[in-house]
Structures are given as structure tokens and as C-alpha cells.
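The values are calculated or read from the model by the stated rules, or taken from the named source; none is laboratory data. Note that the structure is a prediction, hence the values are computed from the model and not measured. In this analysis, Cβ positions are derived from the backbone assuming ideal geometry, glycine residues included, and neighbour counts consider all displayed protein chains. With ligands, DNA and RNA removed, areas are computed over all heavy atoms of the protein, side chains included. Shrake-Rupley method; radii C 1.70, N 1.55, O 1.52, S 1.80 Å.
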Amino acid sequence: MKKLIALFMLAGFLFSPVITKAQDADESAEETTEEVVEQEEEQVVETAPAAPAVVDDEIIDEDKGFHQIIKEKFIEGDPTFMSPVLICLILGLAVALERIITLNLSTTNTKKLLARVEEALEQGGIEAAKDVTKSTKGPVASIFTQGLMRYTEGIEMVEKSIIAYGSVEMGRLEKGLVWISLFISLAPMLGFMGTVIGMIGAFDAIEAAGDISPSLVAGGIKIALLTTVAGLIVAIILQLFYNYCVAKIDSLVNDMEDASITLVDMLVKHKLTK
């Protein structure tokens, strides 16, 4: 029995180095496998395409509305120079809208008015025709009223009265256009003044720093460009309204002249057949 125990002990001493080496080999193999897996994962991470970065500024820009952009540009252009240009736009639009409403209300259906006046002349004479013209609004009806009031003084006096009062009515129609023209000229001038002042500020910054740096020049040039653009935009908008008013006035004046000639012809006809 003692001999068997001794044999087992001797066998254990003999095989223990082999077992230890096998365990060490297994552990080293596991470590090697783990390192290879980690290296492969790192390579996959490195070679994987980077996800597109979302730029917050772009998202913010897309969310901004038109009014917000205009407000930012107004502040960037320096309210000191942008405010006078904005005032020109507001006052110019106010005058233009008032003129457009007035001119549209002054528009008269001259053919219908002439037909009514001729019918009144045939049925009730001059007094009936006066009632028709006095009850009708517009410069054409006002000119007819002045002409009919001079009917007793002769056709020549009627013509002179129509021409004279036509000039008065044309002056009333053109009232306020001079202010729109003023703002059209003034807005770009104010914009150019902001441009010059902005460039002077940029050169002053360069002189003080003693170096030409884009960051120094960019601020002044940006103010200059924004004020110029603002002035030109205001001038373009007001010019469109001005041209519309001028075209409307020309149309009304042509109607007045044509209707006045027709009225004189009707009076002559009425006098001859009376």
C-alpha cells in the first residue's frame, strides 16, 4: 500500500510540469484570441464610414423665417444707417397707398356718365344734366359740372372752363407723387452714405491695428453692402408704386379729355336742336 502511494506521488511530481505548461499554453492562446478580436474590432471601427455630422447652424438657418432673417440683417447693417432707409420705405408706402386708393376711387365709367348726361339733356335740359353730374363722384363728373354751369355764357366759355378745371383736377390727382419721388431718390443716397461711412470705419480700424486683417475689414464692408442693398430695395419697391400711380393718372387724364370733347359736342347739338 505504501508502495502504491509512493508511486502515485512520484507520478504526480513527474506530470505536474506538463500540466502546468498545458494550462499556460491554454491561457496564452485565450489571451492571443482576445487580442486578435480586439484588433479586428478596432479595424472595423476605423474603416467604418463616419456618420454624417449634423450641422446645428444649418438646422437653425432652415428653421428661421423671412422676418427673422430680415431682422438679423437689419441689426448687422447697423440700425444707425438702416433706420433712415426703413423710414423712407414706410413713409413712401403710406403716400403711395393713399394715392392708389384715391385714384381708384376717382375712376369713373365715362361712357355710362355721358349716356346719362345726354339723356338728361334731352329730357330735362341743363339743370337735369347738372343734377346727374353733381351726384356722380370723380374728376370727370366735376369737370362736367363746371362746364354745364357756364353753358349760358356760350360754348367758348364752356370749353375754357373745362380746360381750366381739368388742370385743377390733374393737379389734385398728382398730389403726393413728389413725396414718393423724393423717397425714391433719398433711400439709395442714405444707403450709399452708410457705405461710405462703413468703408471709412474699416480703414480706420486698419490704420489703428497697423495690419490688413480680414476680420478688421469684414465688419465695415458688411455694413457698407447691407446699407446699399437696403437703399436699392426700397427705391425699387417705391418706383413700382410710383409708376403705377403715374399710369393711373395718365389714364384718368385721357378719359377727362375725351369725355370733355364729347360733352362739348353734346352741348352744341343740344343748342342747335333746342
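Just for helices (runs of 4 or more DSSP H) wholly inside the range 109-217: which have at least 1 residues that are of a type in the set (Lys, Arg)? Step through it out loud before you land on a result.
Values: elements: 110-134, 139-149, 155-173, 177-209.
Of the helices (runs of 4 or more DSSP H) lying wholly inside the range 109-217, those with at least 1 residues that are of a type in the set (Lys, Arg) span 110-134, 155-173.
Name the residues in the range 115-134 that are open to solvent by 80 Å² or more (accessible area, probe 1.4 Å) and within 24 Å of Ser167 (Cβ to Cβ), would you?
Of the residues in the range 115-134, the ones open to solvent by 80 Å² or more (accessible area, probe 1.4 Å) are 116, 119, 122-123, 127, 131, 134.
Within the range 115-134, just Lys134 meets the criteria.
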Exercise. Give the residues of the range 234-274 that are farther than 21 Å from Glu98 by Cα, of a type outside the set (S, T, N, Q) and free of Cβ contacts under 8 Å to residues at least 60 places away in the same chain, sorted by residue number.
Key: Ile261, Asp265, Lys269, Leu272, Lys274
Quiz item: Taking the range 147-177 as the region of interest, how many residues are open to solvent by less than 100 Å² (accessible area, probe 1.4 Å) and under 30 Å from Gly231 (Cα atoms)?
Solution: 5
Quiz item: Hey, does the range 216-228 have a residue that's in contact with a Lys or Arg (Cβ under 8 Å, 6 or more places away or on another chain) and closer than 22 Å to Glu72 by Cβ?
Solution: yes
